[in-house]
Each structure stands twice: as C-alpha cells, then as structure tokens.
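**Q** This structure is in structure tokens; I'll ask about it shortly.
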C-alpha cells in the first residue's frame, strides 16, 4: 500500500498555517488546505484526513504534494489553469485600451462597454474583460486640483512643520468655516432599515434656512472649539477668534492654520490680531484644503450627522451639530499627520508632469 510522504514544518510555517486554519476572514479554500497540511504533519494519512474534513482523498493528496513541492506558496495560490490562449482578445485589446484612455465618444463624456464595442466592432463582453484586466473604470471620476500658489513650498513647509514638530508652550489649531449648511426636512418619513432592505429617505425636501459652522480642531488632544453663526464675514471670523481666545489657556501661544478666504485677511482682522500677539495665523497654499486637518472632522460631521438628517428648522440643525461636537469632545482623538514635505512634493511633481503631458498632447 502506498504511504504518503511525511511533512515537517518550521515554526514560522506552522504559525502561518495555524493562522490560516482558524482565520475568519481567510478564504474557505485556503482554510481547508491549511488544515490538510497540519493534519498531515501530525501523521494522519490521506484517507483519514479526507474523512475528517469531508473532502476527497484526491484533494488531500493534491495539496499535500503541492506543499511538499513549493511550501506555503504552493497552497496559497492556485496553479495556472490550462486552456486555449485568448487569441481574439490579443488582437483587439490594444485598440480597446487606446480608445478607452485616449478618446471620447462624440456625444458623451466617457465610453461604456456597449458604446465602445459598437465603435470598434467587438462584443461588449470583450470590452468588459479587457477593462477588468487593465483595471480601467471610465465610469468613475475623482476630483483633484494642483495648487498654483507661487509660495506653495514655503506655506507647505510652514504648516507641515507645525504638524510634525509643534512648538512648545503653544497650541496648534486647524480652523475653518463650513458655510451654507442647509436645514433640510424631508417631505415624508423614511422607511427603517431591516434585513434585506437599506434605509430610505425621500428625494424631495423642504428648505428651512442655513447656518455657518466655525470650527477649530486642537491637534494635541483632538477637541473642537465651535460656534454656529448666520453669516461668514470678517465680523464673524473675529467673533470666532475671540471664542478661541476665551476657551484656551491664556499663557499659551496659539498657532491657527486657516485657508485663504478673504475674510481671514481683512484689515480689521489684521488689526485685531495685532492687538492679540499670542495669535499666529498660518495660511495653507491656495487650492490645498487637504492640508487643513479640520476638513477631515467637517467631512465626518457631514457624513455622520448632516447628510442623512432631517431638520425642521435652523435651530434644530444647530442643536444637532452642537450635540455631535459635544459627543466628539467627550472622547476626542487627535488626528496624526505623517506625510513629510518631501513625500508631498514628489506627488505634486508627478501631478504637474502629468498635467503638462496632457496639455501638450
């Protein structure tokens, strides 16, 4: 009778196989293969392993031999499958990729599988397979903007320096306004979430006015100083600076990171700052809102409290915003900046090169 070869494991291989065998997020096929190898290591024969794991003796023998031949890599990935080479796709995939990336349909902004297939005289399934192979998704679009600020590097080094090496005896605050937040009320109540159905809300709404949220994220602890005001002129910005002044320890300097909105640079704001020398304003480069960390908090506020909310009045909206911020401040978490100036400048250089190439094409 044939006897399967014994398997010996290193400590590292055993730990990996045990992790695979019990991993909840591990694919089921890999869990089975790991269990086969572990039982084989314990001395069990193929027929016994097959009976205990509910599989066939041939399957056990296959993965046992694969592990003996290639180790962990032999069971982690399937071997290349046979079959006829895709000759037809090879003839047209270059045309499909070129048309998808270099052209646009005459009466639309992007290709679909069917419009491109009709244009090139192939099947839409062929276009779909090529797009999947090359990870092409013309139906998706992301927004971006490369800053043209002539002092981009200077401002970047200033702000990133505050993030990575904050000054002693000072607080660093990232501040901004979220303007024109609408108090929208739905015309009908939404249907609740239940198994097999997501929550719903009506597409139409009633407008009940707007408010502007002024928020400053204190980077060391992650707490937020905020107020809601009806407008966002320089007068409101000064009121917000006074609020920050009153809610922070008076012996500390305050380094406030802000964008280039005109109200932040108004002559009366500059005069007020001159009378309060502990305030130091640091402006981010133009078109670089990603550099202002408070934007992340404002995005979370929008996603988790405002976008799917229903508000019968501006007062109701303000109460919801204040409740969210109060809950955040009970358990604040600081946002940690990790990107260096060199890393950011390398990405900016690549983006500018791509833009220049696109313009010259």
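**Q** Tally the DSSP beta bridges in the chain and give the antiparallel ones as a percent, rounded to 5.
**A** Around 65 percent antiparallel, to the nearest 5.
**Q** I would also like to ask the following. I need the peptides 313-326, 130-143 ranked by packing, meaning the mean over residues of other C-beta atoms within 10 angstrom, with the highest value on top.
**A** Highest mean packing first, the order is 313-326, 130-143.
**Q** As a test of the formula, what do you get for the chain when each DSSP H run with n ≥ 4 contributes -39,500 (n - 2.57) and the sum is divided by the residue count, at 222 nm and rounded to the nearest 500 deg cm²/dmol?
**A** The per-residue figure over the chain is -14500 deg cm²/dmol.
**Q** Here is a follow-up. So what's the angle, to the nearest 10 degrees on a 0 to 90 scale, between helix 124-133 and the longest Cα principal axis of the chain?
**A** Compared with the principal axis, the helix lies near 80 degrees.
**Q** Next question, about the same structure. Can you tell me, using C-alpha contacts under 8 Å and at least 6 residues apart, the relative contact order of the stretch 87-133 as a whole percent? Please list the in-between numbers first.
**A** Numbers: 30 pairs, mean separation 17.5, N = 47.
In percent, rounded to a whole number, it is 37.
**Q** Over the stretch 241-332, what is the relative contact order in whole percent, taking alpha-carbon pairs under 8 Å and six or more residues apart?
**A** Averaging sequence separation for qualifying contacts and normalising by length gives 24 percent for the stretch 241-332.
**Q** Let me ask something additional. Rounded to whole Å, give me the distance from the Cα center of the stretch 188-251 to that of the stretch 43-114.
**A** Using only Cα atoms to place each centre, the spacing works out to 49 Å.
**Q** So for 328, 110, fewest C-beta neighbours within 10 Å to most, what's the order? Could the numbers behind the result be given before it?
**A** Numbers: 328 19, 110 14.
So the residues, fewest neighbours to most, are 110, 328.
**Q** Moving to a separate point now. Using bins 20 angstrom wide from zero, how does P(r) for the chain break down, in % of all Cα pairs?
**A** For the chain, the pair-distance distribution reads 19, 32, 36, 12, 1.
**Q** Sorted by average packing, counted as other Cβ atoms within 10 angstrom per residue and highest first, what order do 23-30, 305-312 take?
**A** In descending order of packing, they fall as 305-312, 23-30.
**Q** Any idea what angle helix 314-330 forms with the longest principal axis of the chain, computed on alpha-carbon atoms, 0 to 90 degrees, nearest 10?
**A** Long axis of 314-330 versus the principal axis of the chain: about 60 degrees.
**Q** Calculate how steeply helix 234-246 sits against the longest principal axis of the alpha-carbon atoms of the chain, using the helix alpha-carbon long axis, and give the answer as 0 to 90 degrees to the nearest 10.
**A** 80
Laboratory data are not the source of any read-out in this text; all were calculated from the coordinates shown. The model shown is predicted, which means the values in this text are computed figures rather than measured ones. Cβ atoms come from the backbone with ideal geometry, glycine included; neighbour counts cover every protein chain shown.
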